[in-house]
Amino acid sequence: MKKRMGLVLAALLAITSVTAGCSSSTTAPQGQPNQGQTAPKAEGEKPAVEQKIVYALSKEPEEMDPTLNVYARSSIVLQNLFRGLYKIDESGKKPVPSLAESSELDATGTKYTFKINKNAKWSDGKPVTAQDFEYSWKRVLNPEVASGAAFYLYYLKNGKAYNEKKAKAEDVGVKAVDESTLEVTLENPTPYFLELLCVTAYYPVRKDAVEKEGWTKSPETYLTTGPFMLSELKPKEKYVLKKNPNYLEADKVKLDTLEIVFIESSEAELAAYTNDEIQVSDNMTPEGMKRYESTPEFFSIPRIGMQYFDFNASKKPFDDAKVRKAFSMAINREQIIKSIVQSVEKPAFGMVPYGIPDGVQKDKDYRDVVGNLFTENVDEAKKLLAEAGYPDGKGIPEVTMIVMASQSDKDIAQALQSMWKQNLGVDVNIETFESKVYWDEIENGNFNIASDGWTGDYPDPMTNLDIFEGVNTSDDMRWSSKEYDSLLEENRKISDQAKRMENFVKAEKILVDEMPLMPLRFYEDQFLAKPNVKGVLKNYIGHTIFEYAHVE
């Protein structure tokens, strides 16, 4: 899936510290105020600190249209530019109204009525309306648009049917009653629907802007609803975000400028952080861990996500589940995490990460209740490979593993390559690609094994299991299971948590038995932040949020 690599309800937020950095000044788009200016200070008064943070991403966002976005890196940028009906609050523990003023849920648990805040505006000052949401949500589901994020909105009445051309747009359960009233009808009661509203796919875009060719490529045409707006866009170099004066809570936003620079090499990013060229660094290196792990500048925050590897089940030898299981059982996850990744993350022996509460034993994680669903066992892996017709790896077709071009991805790939050679006698070729080309290679099926990852969006096992339904794996693993799909579909329709947890375990066991993917590690976000800026938050999905940040 493409929201790649990417609600712990207790302590999934870190209030981090960062310093202001110096860089060239920028000019706000024509007709918009330049928020980077500060008034002169009286004689003897200390000058104001420039409210600016420089933050690094490894690459440019893949998608800047929230209704099309399924990428984790893009989500970080979009979460600072847009707001929807709800947002996760400053504590990181619950969804709270954002552009919505209020909401009501009827007795059936399937019909919401949202009132749009009368002060909600676009970055150009025009009001945000209920029609904007109806248009945006139906655009996500429109089969002609072919948004990869459509599955997020399958919770809406007839959402999936419309996306599959089995219903019309007017049948979808979202309707603007008037400019400030939005009626939303769900297929079934969904206790985590307000959390879903915090996902970028539910954010509004404005029709007159979207219909302009290349609307996401220019600050002049790019309209936002969040704490920041796009001020400068330099592809492959940096995006400059300025405070949005028309944001509903602009009076609470202290930061004037957020400069997002793109540094592909993790080593170069560490050097930039050490030299105070950037103030927040996510792309952690082993050297950075050693240097900063024991300092107040280092943070490690659990995230409800997992790195895994896709097996292309449409190509030999991975059309055989025995081969897929052999490859998954023949590696040493702990060694990769400690020696290669050099993190404190946990190895993945299931598909639902830590941090997702169990539906019955709510004080415990689902993963702790269910436990590991498979083990590593080289002897058993060799046996399975032999049963598939490849004893000691003999006769196995050529195997190509593709990864992105980052050093960490290449290091992990080489470790796996070595383990498969040593333990199974199989030679694996490694090919690397830049991000945008990489996902095209996966969609085109040009791989045997491919690095992948997913971060969930809400505190329920569904968020980490529905991505493996047949409708979502057609361009990745080329695998599907009607039994698996039916278990998740049933769980969308029932509220009996004991039955839901039972179904989730059955679904996970199907994945383990079939092994269309190889789980590797459950994520933790490790990052660095300088000590003189406060209020930078890391949310439960792994997004770095600057709405509450300021420089001391």
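Between segment 144-159 and segment 472-539, what's the alpha-carbon centroid distance in Å?
18 Å
From the residues 438, 66, 265, which one has its Cα farthest along the dipole of the chain in the positive direction, the dipole being from +1 and -1 charges on Cβ of Lys/Arg and Asp/Glu about the Cα centre?
66
Could you tell me what % of all Cα pairs in the chain have separations over 34 Å?
Numbers: 59670 of 152076 pairs.
Roughly 39 percent, rounded to a whole number.
Treating only the Cβ atoms of Lys and Arg (+1) and Asp and Glu (-1) as charged, compute the dipole magnitude of the chain about its Cα centre; round to the nearest 20 debye.
460 debye
Give, in nm to one decimal, the length gained when the segment between residue 338 and residue 495 is fully stretched (0.36 nm per residue of separation minus the Cα-Cα distance). Could the numbers behind the result be given before it?
Working: separation 157, 0.36 × 157 = 56.52 nm, distance 4.00 nm.
Stretched fully, the residue 338-residue 495 segment lengthens by 52.5 nm.
Mind checking the dipole of segment 426-552: about its Cα centre, +1 per Lys or Arg Cβ, -1 per Asp or Glu Cβ, Debye to the nearest 20? Intermediate values should be presented prior to the final figure.
Numbers: 13 positive and 26 negative charges, 108 e Å.
Its charge dipole is roughly 520 debye.
With +1 on the Cβ of every Lys and Arg and -1 on the Cβ of every Asp and Glu, and nothing else charged, how large is the dipole of segment 64-217 about its Cα centre, in debye rounded to the nearest 20? If you can, show how the numbers build up before the last one.
On the way: 22 positive and 21 negative charges, 55 e Å.
Computed charge dipole of segment 64-217: roughly 260 debye.
Quick one: Cα convex hull volume of segment 64-217, Å³ per residue? Please report the intermediate quantities before stating the final value.
On the way: hull volume 17.7 nm³, N = 154.
It comes to 115 Å³ per residue, whole-number rounded.
Specify which residue in the list 214, 147, 224 is farthest towards the positive end of the charge dipole of the chain, using unit charges on the beta carbon of Lys, Arg (+1) and Asp, Glu (-1), about the Cα centre.
The residue sitting farthest along the positive end of the dipole is 224.
Values quoted throughout were computed directly from the atomic coordinates according to the rules given, and no laboratory measurement underlies them. What you see is a predicted model, and the numbers here were worked out from it, not measured in a lab. All Cβ positions, glycine included, derive from the backbone under ideal geometry; neighbour counts span all protein chains shown.
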